[in-house]
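Okay, so here's the structure we're looking at.
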């Protein structure tokens, strides 16, 4: 497989500000946030739905309806196209969205798999492909099915590892930015006590799916656990044993135990950061380790941008690149009148600059320019 760089661009080119990150607050202020929709959707005051939950589909459906009316005051949505990278998470989110809006739809689920020749498979309303370059074939397939692609169609584009950092092609750079964010946070808080080898051993072990029952596949939780391990309040082997035996049921058990060991915690100098995370966990915040997410924003931003003179392969290994096939499809569909809308499960704290950073010229991720790369 051969790739080529097609120049600098941004997600804003195809999506504008019609995008939401994890907190479900659209970048475009004309669209309602999840808090604006809580009463009509009977959503609990503190609940922040995750992408694969049915209520997320209900929230997103309302945002799409408002988005269509912003662009076309009397417009309506009659069907959905979804572009994502995971059969389970994106496939479920797509099905929930269709159910919430009572809309028919099709989803393209893609990834680059270099170990196999090009393959596509249709499963119910999912079009599965092992190449991002199959996306134009998907659009032709929809036309063959007499599935209209016009102003009555909403196109939802997953951002992470789809529109940028394409799965199987460029996703490792996104992961590297996140790991560096964790490492920087833990290292800064531990100072000279920080042992990078021990940190990487703990992170790589606990970041596996076998521990998702403990970490809830939540990077904030994992970063906090790595911090406590690095401070010496726990040994990795002992923690693994407790998780495997069931005596440590989940992250809430872990942080509650730390809360009960405050004299030991005080000796590490981490009481204030623990208290901040503890209070946010108690309040139901799914991203309670804010210091980590602020660092993740910095380490992610550093991987956007140009790389003069580099080959496409070098770009893919060093930069978070825009997926040219997704970019081209989004622009084509927008030109045909479709509503384009981006969804990201990355926390806002890791995606949008603080007010102080914005004043200094920092931008949200969807407005950052970076290189687009596609298959030749």
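Bear in mind these aren't lab numbers, they're just calculated from the coordinates by the rules spelled out. This structure is a prediction, so every number in the text was calculated from the model and none was measured. Cβ sites come from the backbone with ideal geometry, for glycine too, and all protein chains shown count toward neighbours.
Some observations on this one:
- Its relative contact order, with pairs defined as Cα atoms under 8 Å and 6+ residues apart, puts segment 171-297 at 33 percent.
- Degrees between helix 271-282 axis and first principal axis of the chain (Cα, 0 to 90, nearest 10): 50
- Nearest 10 degrees, 0 to 90: helix 135-144 Cα axis against the chain principal axis: 40
- Measuring how big segment 81-123 is from its alpha-carbon positions, Rg and Dmax come out at 12.0, 38 Å.
- Tilt relative to the chain, helix 290-301 - C-alpha long axis, 0 to 90 degrees, to 10: 50
- Approximate spin-label separation residue 216-residue 200, in nm, with each point projected 7 Å along Cα-to-Cβ: 3.0
- For the chain, built as a Gaussian network whose Cα springs stay under 10 Å, the top-fluctuating residue of 92, 257, 332: 257
- DSSP-defined antiparallel bridges as percent of all bridges, the chain, nearest 5: 30
- Rounded if a/c under 1.5, otherwise prolate or oblate - segment 47-182, Cα gyration tensor axes: oblate
- Solvent-free Debye scattering, log10 I(q)/I(0), computed from the Cα coordinates of segment 17-83 at q = 0.13, 0.15, 0.23 Å⁻¹: -0.35, -0.47, -1.08
- Packing order of peptides 275-281, 340-346, highest average first: 340-346, 275-281 (average count of other Cβ atoms within 10 Å over each peptide's residues).
- Legend: translational diffusion of segment 250-376 by Stokes-Einstein, Rh = Kirkwood radius over C-alpha pairs, 10 °C, 1.306 mPa s; D = 88 µm²/s.
- Highest-first arrangement of 8-20, 107-119, where packing means the average Cβ count within 10 Å: 8-20, 107-119
- Cα gyration tensor shape for segment 171-297, rounded if a/c is under 1.5, else prolate or oblate: rounded
- With the simple model of a label 7 Å out from the Cα in the direction of the Cβ, residue 172 to residue 252 spans 3.8 nm.
- Of all the options 102, 130, 170, the one that moves most in a Gaussian network model of the chain with Cα springs shorter than 10 angstrom is 102.
- Within the listed set 313, 349, 282, the Gaussian network model of the chain (springs between alpha-carbon atoms below 10 Å) gives the highest mean-square fluctuation for 282.
- Mean-position separation - Cα centroids, segment 255-307 and segment 176-193, in angstrom: 11
- Distant alpha-carbon pairs in the chain (separation over 37 angstrom), percent: 23
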